[in-house]
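The structure under discussion appears below in the form of structure tokens.
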Amino acid sequence: MSRGRSEGRRWLDALLGNRKSMVGLAIVGAFVLMSLVGPSLVQDASAFVATPHQPPSAAHWFGTTGQGQDVFAQTVVGARLTLAVGFTCGFLVIGIGSVIGATAGYVGGRVDEGLSLLTNVFLVLPGLPLMVVVAAWLPAGPGTLLAVLTLTGWAWNARVLRAQTLSLRGKDFVAAAQVSGDGPLRIVMAEILPNMLSLMVSSFIGATVYAIGAQVGLEFLGLGDIGAVTWGTNLYWASNDSALLTGAWWTFVPTGACIALVGFGLTLINFAIDEIANPALQSETIWRKQLSVTPPPGAATPVEVGLA
């Protein structure tokens, strides 16, 4: 497992040295902190505290909803359940996809055929209609949404990780581990998966963004627990109260901005991972930095050197 620890440390150092990842981590970290600490610092998000549809004011920073609830409190409290479902779904999707994809790619044979058939079945199922039908059929709640999102999201990651495992199965370090007597489980966990770390982290981020967006969409349609306070139910009640028609923009803009910022932060981290993993992008970044440096007087520019 030393290879996995060293690979993880290398990636952590690279991410901490990348400007895009630092901005993305700061944005996502701020929202995670808000979801953990914020609900204890604001008033009851479900309490009827003022006249409905009051615009933002000193008493209510984000105004009030169509029922007279504080929008700021609902935005802060709604982050906890929304982010919890999103990140948990990301972990489950990448966990299931890694196990099935790596096992199919490394073991091969009938195991590969069976797991690939299972993956293909889920890939051909229409994702959005399946989510709507299953979410409407099962009891409403965060557990249902988590199960639906995981069920509809793992197959693509399994397919990608299987293909990457097939490309790594014939490498020298895998052959060396086989000669030394390591079992298939140890080879997959200690040799193959650490070398797919960038792909796994990127897949996790993609799955998390997908889960947050899909969860908000399903709750906006009324397929979640509309009694809970989440970013999706905030939008559901804003729509139910005809906020757009009445001009009560403050009931949905803060929630929409939070969703967009979280997605933006995760996307920045994903871009940073691409730059770290892809030498071509690293070279382009270095090249652009070199071009942005003003040459000393009398020095030849890169264009002049090329012409020479």
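The values are calculated or read from the model by the stated rules, or taken from the named source; none is laboratory data. The shown structure was predicted, so the numbers you read here are calculated from the model rather than taken from an experiment. All Cβ positions, glycine included, derive from the backbone under ideal geometry; neighbour counts span all protein chains shown.
Comparison of T152, T144 shows that the only residue that is of a type in the set (S, T, Y), buried (at least 18 other Cβ atoms within 10 Å of the Cβ), under 18 Å from the mean Cα position of the chain (by Cα) and at pLDDT below 90 is T152.
Here L92, L118, L123, L81 are screened, and the one residue that is over 23 Å from the mean Cα position of the chain (by Cα) and aliphatic (A, V, I, L, M) is L118.
Going through (1) surrounded by fewer than 21 Cβ atoms within 10 Å (Cβ to Cβ); (2) within 26 Å of the chain's Cα centre (by Cα); (3) not acidic (D, E) one by one, H53 falls short only on (2). Any idea which residue in region 232-241 is surrounded by the fewest Cβ atoms within 10 Å (Cβ to Cβ), counting only those that are touching a residue at least 24 places away in the same chain (Cβ under 8 Å) and not in a loop (DSSP other than H, G, I, E, B)? Across region 232-241, the extreme among qualifying residues is N240.
Residue-by-condition table, conditions (1) more than 15 Å from A79 (Cα to Cα); (2) buried (at least 16 other Cβ atoms within 10 Å of the Cβ); (3) within 20 Å of the chain's Cα centre (by Cα):
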| residue | (1), (2), (3) |
| --- | --- |
| S180 | yes, no, no |
| I205 | yes, yes, yes |
| V209 | no, yes, yes |
| L218 | yes, yes, yes |
| L223 | yes, yes, no |
| T230 | no, yes, yes |
| A243 | yes, yes, no |
| W249 | yes, no, no |
| C258 | no, yes, yes |
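Filtered by the rule that a residue be modelled with pLDDT under 85 and of a type in the set (K, R), region 159-190 gives R169, K171, R186.
For region 67-90, check the following and say yes or no: at least one residue is modelled with pLDDT under 90 and more than 24 Å from P142 (Cα to Cα). Within region 67-90, one or more residues are modelled with pLDDT under 90 and more than 24 Å from P142 (Cα to Cα).
Answer yes or no: is there a residue in region 24-36 that is loosely packed, with under 15 Cβ neighbours inside 10 Å, out of contact with any helix residue (DSSP H, G or I) (no Cβ under 9 Å at 6 or more places or on another chain) and in a loop (DSSP other than H, G, I, E, B). There is no residue in region 24-36 that is loosely packed, with under 15 Cβ neighbours inside 10 Å, out of contact with any helix residue (DSSP H, G or I) (no Cβ under 9 Å at 6 or more places or on another chain) and in a loop (DSSP other than H, G, I, E, B).
Here the condition is being within 17 Å of the chain's Cα centre (by Cα) and either touching a residue at least 40 places away in the same chain (Cβ under 8 Å) or under 25 Å from A214 (Cβ atoms) (or both); of G38, G105, G63, G97, it holds for G97 alone.
What number of residues within region 191-229 satisfy the criterion of being of a type in the set (V, I, T) and modelled with pLDDT of 90 or more?
To start, the set of residues in region 191-229 that are of a type in the set (V, I, T) comprises 192, 201, 205, 208-209, 212, 216, 226, 229.
Then keep just the ones that are modelled with pLDDT of 90 or more; that gives 205, 208-209, 212, 216, 229.
So the count comes out to 6.
Within the set A155, A136, the sole residue that is in a helix (DSSP H, G or I), more than 23 Å from L15 (Cβ to Cβ) and in contact with a Phe, Trp or Tyr (Cβ under 7 Å, 6 or more places away or on another chain) turns out to be A155. Residue check: A58 meets all listed conditions (1) modelled with pLDDT of 90 or more; (2) more than 30 Å from M196 (Cβ to Cβ); (3) of a type outside the set (S, T, Y); (4) surrounded by fewer than 19 Cβ atoms within 10 Å (Cβ to Cβ) but one, namely (1).
Check region 264-280 and report whether any residue there is part of a helix (DSSP H, G or I), surrounded by fewer than 12 Cβ atoms within 10 Å (Cβ to Cβ) and modelled with pLDDT under 85. Yes - at least one qualifying residue is present in region 264-280. Remark: pairs (first residue in region 196-219, under 18 Å from L161 (Cβ atoms); second residue among the acidic types (D, E); Cβ separation under 9 Å; 6+ apart in sequence or on different chains) = L197/E7; S198/D274; S202/D274. Residues in region 162-173 that are closer than 13 Å to P194 by Cβ and in a helix (DSSP H, G or I): Q164, T165, L168, F173.
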